[in-house]
Amino acid sequence: MARETTYNFAAGPSALPTEVLQQAASEMLDYKGSGMSVMEMSHRSAIYQEIFNETKADLKRIMRVPDTHEILFLQGGASTQFSMVPLNLLGEGDSADYAVTGNFAKIACKEAGKYGKINVAADTSESNHSRIPAQGELKLSPEAKYFYYCANNTIYGTEWHYVPETGSVPLVADMSSDILTQELDVGKFGIIFAGAQKNMAPAGLTVVVIDKSLAGHEKPYTPLMLTYKTMIDKDSMYNTPPCYNIYILGLVLKWIDKMGGIAAMDAMKREKSGMIYDYLDNSRLFKAHAAPEARSFMNVTFRTGDADKDAAFCKAAAAAGFVNVKGHRLVGGMRASVYNAVPMAAAKALVEFMKDYEVKNHV
Ligand SMILES: *Cc1c(COP(=O)(O)O)cnc(C)c1O
């Protein structure tokens, strides 16, 4: 298989822009006449510090992060944030609200239970997480230290199309699979975090955007490496940060600028996922998993309703160059992830392939 004829719909790690990989390749052995790869330099060297500062400044500008908030480049994946959030935000006797709308939110909720009292503000498991709760359904506790939700449920293919209103209770959002896809009022959030491997960079980098006033209240036994204050004070360089991944994020941000910024990403995601959903709604072979008003712009989940037919479709799709379309075992069926780096042409080609497949195989 060749890159030119491979349509990669992986859910994560997932596609990166070809131009970004080409630039990284051209700079691999000798970054800007330094005689070294970015992988080989000291994270405290002037040349690396420049990459770091520029990437952080670009992310701040593109996400419109206010000065009240700090951007952190951490490790441990989004999953480490499941522990870091309660360890830093919950004091003795404190509680938090969690909306359980999918697997990652469920894991985060369970993990937080080790460190404080957790109220389940909503739980959509009765629908196999095919929907998102409405604002009025959220059981909010006024005394909660924070309200936690997963903005895009990667596995189930649902997305919150509104920012929950929680009054003075800070919002904590897992945006691993929909960061950099829409304009956000970042000031409304206490913490936004995301594993980089869906929409930003290779796996190994976790981006955290945190309201600085939330840091410094960690439990006394919180590991140093899991303390937001440590990382804020040291500008993410208490220890060695994931240097190369930060460099790739920098290239991805330049690519986003070139494509027209967040507004262009937002428009593209609607067009790409929209054409697949439109087809699914008219198909007699496939059916979308998510309720129409809860559908994710990033992860399109669908199935035939028959596991053997699903498997046959995945096999045929892979043979035709459409790879990584098998759904997560919790939902079954198929999932086409159309993150920022997945070209419009890939979504178009997938729809054409599915139409053709339906005509040939549906009796
Ligand atoms: C992928 C994903 C995670 C897990 O990320 P890791 O970096 O593997 O820990 C958590 N939440 C969401 C929404 C995800 O998509």
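Here are the numbers for this structure:
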quantity: Which numbered condition residue 134 fails, given (1) more than 16 Å from the ligand (Cβ to nearest atom); (2) under 17 Å from the mean Cα position of the chain (by Cα); (3) open to solvent by 30 Å² or more (accessible area, probe 1.4 Å); calculated: (2)
quantity: Residue list for region 166-179, filter: of a type outside the set (Ser, Thr, Tyr), buried (at least 24 other Cβ atoms within 10 Å of the Cβ) and farther than 19 Å from residue 87 by Cβ; calculated: 175, 178, 179
quantity: Which numbered condition residue 99 fails, given (1) closer than 30 Å to residue 252 by Cα; (2) among the small types (Gly, Ala, Ser); (3) open to solvent by less than 40 Å² (accessible area, probe 1.4 Å); calculated: (1)
quantity: Filter pass, residue 327 being in the same structural domain as residue 131 (by TED's automatic domain parsing), of a type outside the set (Val, Ile, Thr), modelled with pLDDT of 95 or more and closer than 30 Å to residue 205 by Cβ; calculated: no
quantity: Check on residue 321, within 26 Å of residue 200 (Cα to Cα), surrounded by fewer than 16 Cβ atoms within 10 Å (Cβ to Cβ) and not assigned by TED's automatic domain parsing to the domain that holds residue 158; calculated: no
quantity: Qualifying residue in region 56-73 (condition: open to solvent by less than 10 Å² (accessible area, probe 1.4 Å) and within 16 Å of the ligand (Cβ to nearest atom)); calculated: yes
quantity: Of all residues making up region 161-178, the number that are in contact (Cβ under 8 Å) with a residue 60 or more places away in the chain, assigned to a loop (DSSP other than H, G, I, E, B) and under 25 Å from residue 332 (Cα atoms); calculated: 4
quantity: Leading residue by the ranking (nearest to the chain's Cα centre (by Cα)) among those in region 155-177 that are within 11 Å of the ligand (Cβ to nearest atom) and farther than 17 Å from residue 300 by Cα; calculated: 174
quantity: From 238, 244, 221, residue being more than 19 Å from residue 55 (Cβ to Cβ), over 14 Å from the mean Cα position of the chain (by Cα), among the aromatic types (Phe, Trp, Tyr) and in the same structural domain as residue 60 (by TED's automatic domain parsing); calculated: 221
quantity: Hey, residue 358 in a helix (DSSP H, G or I) and in contact with a His (Cβ under 8 Å, 6 or more places away or on another chain) or not; calculated: no
quantity: Residues (open to solvent by 40 Å² or more (accessible area, probe 1.4 Å) and outside any helix (DSSP H, G or I)) located in region 329-355; calculated: 329, 330, 343
quantity: Extreme residue, least open to solvent (accessible area, probe 1.4 Å), among residues of region 189-221 that are without any contact (Cβ under 8 Å) to a residue 40 or more places away in the chain and part of a loop (DSSP other than H, G, I, E, B); calculated: 216
quantity: Residue match in region 210-226 (condition: β-branched (Val, Ile, Thr), within 29 Å of residue 128 (Cα to Cα) and modelled with pLDDT of 95 or more); calculated: no
quantity: Test: residue in region 17-35 that is loosely packed, with under 15 Cβ neighbours inside 10 Å, within 29 Å of residue 322 (Cβ to Cβ) and at pLDDT below 95; calculated: no
quantity: Residues satisfying the stated conditions in region 145-154, i.e. within 16 Å of the ligand (Cβ to nearest atom), touching a Ser or Thr at 6+ places or on another chain (Cβ under 8 Å) and either open to solvent by 10 Å² or more (accessible area, probe 1.4 Å) or hydroxyl-bearing (Ser, Thr, Tyr) (or both); calculated: 149, 154
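The values are calculated or read from the model by the stated rules, or taken from the named source; none is laboratory data. What you see is a predicted model, and the numbers here were worked out from it, not measured in a lab. Cβ atoms come from the backbone with ideal geometry, glycine included; neighbour counts cover every protein chain shown. Ligands, DNA and RNA are stripped out before the accessible areas are found, and what is left, the full protein with its side chains, is counted by its heavy atoms. Shrake-Rupley method; radii C 1.70, N 1.55, O 1.52, S 1.80 Å.
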